[in-house]
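One structure is given below, encoded as structure tokens.
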Amino acid sequence: MSPRERSTWRLLVGVQLGAVAAVAVAAVVVWLLRSCAC
Amino acid sequence: MADNRRESDGGAARRRSVGVVGNTRLTSLVGTTLLVLLVLQVASAVVFALLSYNVAALGGPVYDVVRPVHFFVGFLLMPLIAIKLVSTGYRFGRYYTRDRAYHEAGPPRPVPRLIAPILIASAVTLFASGVEMWSFRNQFGYAWTAIHNTAAFVFVVALTIHIIVHVREANREAAADLASIPVTGAGTDIAAHEPLGGAVTRRALLGGGLAAGAVLGVGASGFPVASWNFLQPLRPGAAPFDFPLMNYEGGAQRVDVAAWRLRIAGTVAKPVEITEEQLLALPMEEHTYAISCVDGWTAVRTWRGVPMTTVLRMAGAADDFGHVLVRSTSGYFWDHARSHVLTPGTLLCTHIDGRRLNDDHGYPVRLIIPGLVGKSQIKWVDGLVIGRGGPQSFIGPHLDFKDPVVTGHLLPANPAGHRR
């Protein structure tokens with residue numbers, strides 16, 4: 001894998017992990033909001 | 001996602017044709033993009049489904065945000081999924097028509113090969129049922145929600161396996177394609193990591209799919225600007241009730257109030273029948289709060305009517321009642337849990353913003369419960385059936401519409417929908 005491919009690969013994987021992480025954080029926030037609302 | 005094995009065989013990489021590698025790279029480019037969007041869509045689906053049974057479960061404007069996002073991402077996904085189906089279908093077709101290059105490249109590995117039909121069938125069912133609900137709003141029955149939810153469950157399971165099997169290779173191929181400088185006049189054989197002609201075409205397909213999906217998504221959802229909902233503008237309500245009309249209840253009813261009675265039966269001390277005149281003479285309350293619809297709108301109105309607790313007391317509802325099935329003259333019901341109907345502000349509503357209901361909005365009486373989604377707020381109410389235990393079902397046509405307590409009392413259809 002060339003350096004350019006590697007950096008592109010990192011970007012791709014970063015975006016995917018970022019999406020998963022964002023959803024996980026959102027789920028925690030929603031759960032906290034719900035706890036507070038109750 | 002097409003399999004693109006590069007088997008090391010004593011250090012010699014398997015060599016495949018430009019076409020096979022290009023196909024794999026297009027599949028990988030679209031697949032890696034879909035992965036991100038599908039993660040978002042699954043998350044929005046979970047929250048959307050939760051709130052569709054109780055808008056207020058999370059508080060704040062969460063429902064108003066997640067609802068258009070779910071529609072937007074759903075439509076955004078469609079062109080990309082179509083491209084991926086064409087790309088993998090092309091490989092499938094070439095392999096089984098014994099095209100030399102595709103046959104030499106080999107089939108997918110056993111697990112993804114077995115999963116593929118389930119994944120495709122569940123995806124097609126999922127999107128078709130989603131579009132049906134978005135487009136027709138239960139005009140063709142109430143089974144679509146169950147079909148959509150079941151397909152979603154199967155899809156997520158199959159998709160998870162699909163991702164686990166393919167993600168590393170897809171990322172590698174997509175990165176190779178995005179990092180490459182397109183080379184024209186490449187040889188007939190090429191190793192998968194080499195620059196490959198057609199990269200611009202593949203990027204154009206990906207970009208075009210995203211752009212087409214974005215246009216579809218905005219038009220279908222009104223996200224981020226509600227008025228951009230050009231594919232399905234909401235039908236405004238007849239004046240003076242300027243909030244949209246939905247078809248969840250079979251279209252506007254025209255109730256003959258001389259024959260109409262509100263009947264309260266089930267686990268009660270004494271079944272009760274109430275005429276319109278008697279209903280309007282009962283003590284009323286007025287509350288201002290929002291009604292939200294799964295279709296994408298929220299309206300704050302002032303609701304006046306008889307508190308649900310008043311009519312439950314009149315009939316002598318059992319202290320331990322667990323649910324109240326609220327029926328409509330349209331043949332539609334919603335079985336509400338005790339906690340719903342005892343929510344403060346729950347009304348058998350007769351007036352909105354100080355004006356008597358009209359036919360479109362549920363004349364002579366409609367249910368309104370703070371925080372619940374609009375499709376559970378039954379219009380043209382003609383019966384409350386009280387029972388012990390939990391709700392039997394949330395939604396559907398009358399199971400007991402021929403029950404003697406429900407009689408016909410409808411006037412001929414009046415498309416104008418204005419009574420007074």
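Please treat every number below as a calculation from the coordinates, not as lab data. A quick note: this is a predicted structure, and the numbers were derived from the prediction, not measured. Glycine gets a Cβ as well: all are built from the backbone with ideal geometry, and neighbour counts include every protein chain shown.
List every residue whose amide H lies under 5 Å from the amide H of B:ARG254, counting only residues 5 or more places away in sequence or on a different chain, with H placed 1.01 Å from N in the peptide plane.
When sequence neighbours closer than 5 places are left aside, the close amide H contacts are B:LEU411.
³J(HN,Hα) across the range B:200-211 via Karplus (A = 6.51, B = -1.76, C = 1.60, θ = phi - 60°), whole Hz, x for Gly/Pro?
Couplings: 5, 4, 5, 5, 5, 5, 5, x, x, x, 5, 5 Hz.
Fewest Cβ neighbours within 10 Å first, please rank B:THR298, B:THR145, B:THR201, B:THR350 accordingly. If you can, show how the numbers build up before the last one.
Working: B:THR298 15, B:THR145 18, B:THR201 12, B:THR350 22.
The order, fewest Cβ neighbours first, is B:THR201, B:THR298, B:THR145, B:THR350.
Would you mind ranking B:PHE72, B:PHE243 so that the residue whose beta carbon has the fewest other beta carbons within 10 Å leads the list?
Numbers: B:PHE72 24, B:PHE243 18.
Ranked by crowding around the Cβ, least crowded first: B:PHE243, B:PHE72.
Can you pull a Stokes-Einstein diffusion coefficient for the range B:65-153 at 37 °C (0.692 mPa s), Rh from Kirkwood over Cα pairs, as a whole number of µm²/s?
Details: Rh = 15.1 Å.
Value of D from the Cα-based Kirkwood radius: 217 µm²/s.
Residue-wise, which Karplus ³J(HN,Hα) couplings in Hz belong to the range B:368-383, taking 6.51 cos²θ - 1.76 cosθ + 1.60, θ = phi - 60°, and x for glycine or proline?
9, 10, x, x, 9, 5, x, 5, 9, 9, 4, 9, 6, 5, 10, x
Please arrange B:TYR95, B:TYR363, B:TYR90 by counting, for each residue, the other beta carbons lying within 10 Å of its beta carbon, fewest first. Kindly include the intermediate steps, with their values, before the conclusion.
Values: B:TYR95 19, B:TYR363 24, B:TYR90 16.
With the sparsest Cβ surroundings first, the list reads B:TYR90, B:TYR95, B:TYR363.
Over all alpha-carbon pairs of the range B:304-351, lay out the pair-distance distribution in 10 Å bins, whole %, shortest bin first.
Final binned percentages: 24, 58, 18, 0.
Where does each of B:257-266, B:113-122, B:166-175 land if you order them by average Cβ count within 10 Å, highest first? Walk me through the numbers before you get to the answer.
Working: B:257-266: 18.2, B:113-122: 15.5, B:166-175: 21.8.
Most protected by this proxy first, the peptides run B:166-175, B:257-266, B:113-122.
Just the Kirkwood number for the range B:333-373, please: inverse of mean 1/r across all distinct Cα pairs, in Å, one decimal.
Details: mean 1/r = 0.0905 Å⁻¹.
It is 11.1 Å.
Within the set of other residues whose C-beta is less than 13 Å from the C-beta of B:LEU312, count the net charge using Lys and Arg as +1 and Asp and Glu as -1.
+1
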